[in-house]
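For reference, the structure discussed in these notes is given below.
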Amino acid sequence: MEISRRQSNSRWLRGLVALMFALAAVGMLAPSFQAQQQLLKMAIPRGLPADTWDYYVPRGNPMTAAKVELGRKLFFDARLSADGKVSCASCHDPKQGFADGKTVAEGIGGKIGTRNSPTLLNAMFTPNQFWDGRAGTLEEQAIQPLINPIEMGNSSHDEVVVRLRGIAEYRSEFLSVFGGEATITRVGQAISTYERTLIAGDSPFDRFIAGETSAISDAAKRGFALFRGKGRCSRCHTFSDAMPLFTDFNYHNTGVAANHPNFDKLARQAFAAAETGQAKSVIDQLAQQEGGQELGRILISYHELDIGSFRTPSLRNIALTAPYFHDGSARTLAEVVRFYNEGGKANLNREWDLAPVALTADEQRDLVMFLESLTGQLPKMPPEQELAKKN
Ligand code: HEC
Ligand code: HEC
């Protein structure tokens, strides 16, 4: 008892000293910087996780109106790319549900990527970014496209930072938002803060769940029942009060990867490598081959059960972002439903319980009607209008 009290006393003292230092430091900063530090809290639309909001905003990157505005500018600014022609918005276009409507992404100089551009709507709720989950936070993700040779094409992060420091407007904005000059970490912090304003809920389906029985059609209601029942969709596209994003945030092999002619060969090689314990070096090499990106989550985890697995996407606002799947191979929601009706696509690692679900043509239509009821209210542009209550 004695010891623990002394420990807690000294912890308290250390806290007090730290607080005094912090207050002194704040006092020394430029007044304009202090004025910009008012914390913002978003108004969370119906259907999205409101109670846990604070959990999704990292402590090290608090949300302020000025930071959102700086992030918004950076997001739409093609000067962040090596040739001055590609911005984040080129592939995450607000008019296309923050995706791009293309099969797979097209970056700098028209270079073609290997994967479909996902929406950024509600991306803040995803614990791991990218189809294979290779980035953790939005902060970590946001700086990767800048140096991706087929996206924004810069040879280094320094190159981007030097360019931004040379733009007078950004110089003063970074100073007032961060109390210092542009760094790559701050670029990532500003962009991801803007991304946290891109939330869309309050769909007809959410109003239905809240008790407005006529908010969706009878067909959509039947579709919801099929989604949770005969269609077995909610086995991966989880929907509950605690998990309202229609995803389990997990990785599954539905067989989309097997669309690629090289997948079977590469998957066998990856499987053999994983068994011998040589996984990392062999799989890193396979990743570089034509079709290698189709190996999916195993490229990150090196675990054979992840061959051809991709993250279950959220289905909120899904009607806005055709074409579908990580390779953009399904042009419409009806095509997606047909794919599942046949049990996905067979391959050596297909999800063990994915089997044909035998939905009739009417049932398939009902399921699509349900998916279409998941389109929410989009954030207004410019999005700072959506930043409601100040803390
Ligand atoms: C050339 C097109 C292109 C550009 C430019 C681009 N992206 Fe992307 N973005 C993609 C593609 C394709 C993916 C999926 C890649 C993958 O999963 O391997 C992606 C994934 C993401 C994700 C993860 C979403 C999820 O659901 O996993 C975020 C967040 C994101 N991009 C933000 C940005 C930001 C911020 C910028 C600008 C700094 C940017 N993107 C620039 C095409 C692009
Ligand atoms: C075994 C888990 C699982 C089941 C069951 C499942 N899905 Fe999926 N769903 C996924 C995964 C994983 C993806 C991404 C696949 C890929 O692109 O490789 C996906 C993708 C989708 C997409 C495309 C999303 C986008 O942004 O491109 C839609 C739409 C969809 N599923 C709807 C459904 C419907 C409807 C059902 C039921 C008939 C269903 N899913 C059953 C795991 C599942």
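Things to note:
- Accessible area of residue 79 in the full protein assembly, 1.4 Å probe (Å², nearest 10): 110 Å²
- Computed Rg/Rh of segment 54-134, alpha carbon atoms with Kirkwood Rh: 0.99
- For the chain, the convex hull spanned by the alpha carbon atoms encloses 187 Å³ per residue.
- Choice from 171, 338, 134 with maximal GNM fluctuation in the chain (Cα, 10 Å cutoff): 171
- Across the chain, Cα pairs under 8 Å and at least six residues apart give a relative contact order of 21 percent.
- Total charge dipole magnitude, the chain, about the Cα centre, Cβ charges on Lys, Arg, Asp, Glu only, Debye to nearest 20: 820 debye
- Full-stretch length increase - residue 217, residue 181 - with 0.36 nm per residue and alpha-carbon distance subtracted: 7.6 nm
- Between the amide H of residue 314 and any residue lying 5 or more places away or on another chain, no distance stays under 5 Å, with hydrogens modeled in the peptide plane.
- Carbon/sulfur fraction of accessible area - segment 75-213, other protein chains in place, 1.4 Å, %: 53 percent
- In the structure shown, the pairs 67/111; 111/380; 67/380; 73/102 are assessed against 22 Å; a Cα-Cα span above that value is assigned to 67/111; 111/380; 73/102.
- Percent of C-alpha pairs per 5 Å bin, segment 75-177, short to long: 3, 12, 20, 24, 21, 13, 6, 1, 0
- Residue of 50, 330, 142 that the Gaussian network model of the chain assigns the largest fluctuation, springs spanning Cα pairs under 10 Å: 50
- Legend: helices of the chain (whole DSSP H runs) are marked when their alpha-carbon atoms reach 27 angstrom or more along the helix axis and their mean Kyte-Doolittle hydropathy is at least 0.0; marked are 2-28.
- Gaussian network model of the chain, springs between alpha carbon atoms under 10 Å - residue of 345, 380, 265 with greatest fluctuation: 265
- Remark on segment 256-370: ratio of C-alpha radius of gyration to 2.2 N^0.38 Å is 1.18.
- Rounded to whole numbers, the Karplus 3J(HN,Hα) couplings from phi for segment 307-320 are 4, x, 9, 9, 5, 4, x, 5, 9, 5, 6, 5, 4, 7 Hz, using 6.51 cos²θ - 1.76 cosθ + 1.60 with θ = phi - 60°, and x at Gly and Pro.
- Note on residue 241 and residue 43: with the Förster distance fixed at 30 Å, the Cβ-Cβ geometry gives a FRET efficiency of about 0.95.
- Mean separation of Cα contacts under 8 Å, 6 or more apart, over the residue count of segment 205-270: relative contact order %: 13 percent
- Options 305, 56, 120, ranked by Cα towards positive dipole end of the chain, top entry (Cβ charges): 56
- With protein chains left intact and a 1.4 Å probe, residues in segment 162-279 average 43 Å² of accessible area per residue.
- The GluC sites (Glu not before Pro) of segment 205-303 that DSSP puts in a loop, and whose beta carbon has at most 12 other beta carbons within 10 Å, are 212, 290.
- Most positive-pole-ward Cα, 86, 292, 376, against dipole of the chain from beta carbon charges: 376
- Area projected by the alpha carbon convex hull of segment 256-306, averaged over all directions, nm²: 2.9 nm²
- Cut-off under 5 Å, modelled amide H: who pairs with residue 296 long-range: 308
The values are calculated or read from the model by the stated rules, or taken from the named source; none is laboratory data. What you see is a predicted model; the values in this text were computed from it and never measured. Glycine gets a Cβ as well: all are built from the backbone with ideal geometry, and neighbour counts include every protein chain shown. Just the protein is used for accessible areas: all its heavy atoms, side chains included, with ligands, DNA and RNA removed. Shrake-Rupley method; radii C 1.70, N 1.55, O 1.52, S 1.80 Å.
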